[in-house]
Amino acid sequence: MTELSVVLPTFKERGNVAELVRRLDAALHGIAWEAIFVDDNSPDGTADAVKEMAATDPRVRCLKRIGRRGLAGACIEGMLSSSAAVVAVMDADLQHDETALPAMLEKIRGGADLVAATRYVEGGSAESFGEARGAISRLATRITHGLLGISLSDPMSGFFMMRRDKFDQVAPRLTPAGFKILLDIATAGSDLKIAEQPFVFGTRHSGESKFNAQVGIEFLGLLGAKLSGGLVDPRFIFFVLVGALGLVVHLLVLKAALPSTPFWVAQSIATFAAMTSNFFLNNELTYRDRRLKGWSMLWGFIAFCLFCAAGALTNIGLASWLFSAERETWWVAGAAGALMGAFWNYAMSSLFVWRTR
Ligand code: GDD
Ligand code: MN
């Protein structure tokens with residue numbers, strides 16, 4: 001019976017998978033283990049390389065996903081496919097030290113629900129990260145500690161082990177976007193007994209990192225969702241932030257245009273400028289995963305402007321109704337109208353402008 005499933009998310013890791021299985025075999029001597037590779041249809045044929053091994057080694061499996069991308073989602077599906085008592089997640093590029101696995105398993109056997117491998121305690125290190133990535137990782141760690149108040153020393157780590165029954169409990173509450181699966185799990189499970197295991201973050205064996213700006217943006221979204229207790233969709237947070245910036249654009253343009261034009265002309269120009277800035281920022285940030293290009297960007301822009309105009313009408317309608325006959329004070333009426341408009345714009349944008357195809 002398999003005791004430990006090691007889930008290995010892969011995207012373009014063809015040059016690493018065979019060496020990884022070799023090292024797991026050496027490190028996990030005496031443990032009944034299996035390797036579950038979760039590959040997002042890598043163009044370099046990673047899945048074929050895994051299946052070649054699987055043909056002769058029953059401990060190796062390949063879960064191939066088509067039309068989807070994302071590290072956290074791949075980890076979740078890999079863990080869900082396991083029937084072992086314990087699951088581990090580690091990178092497939094050999095940066096995570098597989099020789100830490102037996103010690104982590106001991107901690108699970110000793111009563112821990114989750115063992116997080118950490119670079120930031122005595123015995124661990126992240127020196128191989130280099131200046132820039134190291135600084136980003138430390139900053140993200142500090143923000144996470146400050147905002148969420150969690151006890152993990154390395155919440156950004158993608159290397160951990162946990163009891164499968166505990167994972168099955170939290171799985172429905174997880175976000176498949178982004179890289180930060182450990183942080184998501186640790187904050188989704190209320191009563192998890194967490195232990196830590198120091199390890200030295202190594203250098204990549206072959207291929208290159210998939211970390212990019214989008215991963216960073218998705219991390220901010222996850223933080224926002226956690227801060228609101230899971231109530232607010234991260235996308236809506238970005239939408240509102242972009243909208244707030246749009247207000248600044250509006251006022252700046254209005255101020256610049258006013259001396260030379262009548263108010264209604266200046267106000268129209270400012271409105272158009274704000275809608276344009278909102279559209280492009282939403283296209284780059286909020287709906288980055290569904291980014292519009294070429295002609296569909298033009299149609300999307302026109303649709304966005306029309307929906308926002310309708311949103312402004314619902315906003316003004318609600319605010320005026322609340323304000324009339326002094327049902328409400330001016331700022332409550334105004335804020336309620338603005339919130340209503342934001343919800344409307346967000347719903348219409350998600351449904352019709354940046355719809356999933
Ligand atoms: N299936 C799948 N889909 N796997 C992916 C995807 C994806 O979209 N993106 C990345 N991976 C796999 C990679 O193939 C690799 O095995 C692992 O996830 C880690 O990706 P890297 O691209 O090597 O990430 P990194 O080394 O820059 O980042 C590491 O350090 C971070 C700590 O700051 C990872 O360990 C992160 O998990 C960790 O958060
Ligand atoms: Mn890596």
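Read the figures in this text as sums done on the coordinates, not as results from a lab. Treat the numbers as computed from the prediction; the structure is a model and nothing was measured. Cβ placement follows ideal geometry from the backbone for every residue including glycine, while neighbour counts extend to all protein chains displayed.
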Positive-end residue, the chain charge dipole about Cα centroid, Cβ charges, pick of 99, 212, 313:
313
Just name one of 198, 86, 257: the one whose Cα is farthest towards the positive end of the charge dipole of the chain (beta-carbon charges, Lys/Arg +1, Asp/Glu -1).
257
Ignoring everything except DSSP H segments at least 4 long, calculate the 222 nm mean residue ellipticity for the chain; use -39,500 (n - 2.57) per segment, divide by total residues, nearest 500.
-16500 deg cm²/dmol
Least to most buried among 48, 91, by other C-beta atoms within 10 Å and fewest first, runs 48, 91
Evaluate the charge dipole of the stretch 1-155 about its Cα centre and quote only its size in Debye, nearest 20, assuming +1 on the Cβ of each Lys and Arg and -1 on the Cβ of each Asp and Glu.
380 debye
Ranking 305, 75 by Cβ neighbours within 10 Å, fewest first, what do you get?
305, 75
Just name one of 27, 267, 123: the one whose Cα is farthest towards the positive end of the charge dipole of the chain (beta-carbon charges, Lys/Arg +1, Asp/Glu -1).
267
Taking the Cα centre of each part, how many Å lie between the stretch 287-321 and the stretch 61-118?
42 Å
Once all Cα-Cα distances of the chain are split into 10 Å bins that start at 0, what whole-number percent is in each one?
5, 21, 27, 20, 14, 9, 4, 1, 0
Using only Cα atoms, tell me the angle between helix 71-80 and the longest principal axis of the chain; keep it within 0 to 90° and round to the nearest 10.
50 degrees
In what sequence do 328, 131, 13 fall when counting other Cβ within 10 Å, fewest first?
131, 328, 13
Explain nothing, just the number: dipole magnitude of the chain about its Cα centre with +1 on each Lys and Arg Cβ and -1 on each Asp and Glu Cβ, in debye rounded to the nearest 20.
900 debye
Decide, for the stretch 4-210, between rounded, prolate and oblate: order the square roots of the alpha carbon gyration tensor eigenvalues as a ≥ b ≥ c, take rounded if a/c falls under 1.5, and otherwise choose prolate if a/b is larger than b/c, else oblate.
rounded
Quick one: putting +1 on the C-beta of Lys and Arg, -1 on the C-beta of Asp and Glu, what dipole do you get for the stretch 249-357 around its Cα centre, in Debye to the nearest 20?
460 debye
Antiparallel versus total DSSP beta bridges in the chain: what percent is that, nearest 5?
25 percent
Are any of the pairs 64/193; 12/193; 193/226; 51/193; 12/166; 64/210 more than 25 Å apart by Cα-Cα distance, and if so, which?
64/193; 12/193; 51/193; 12/166
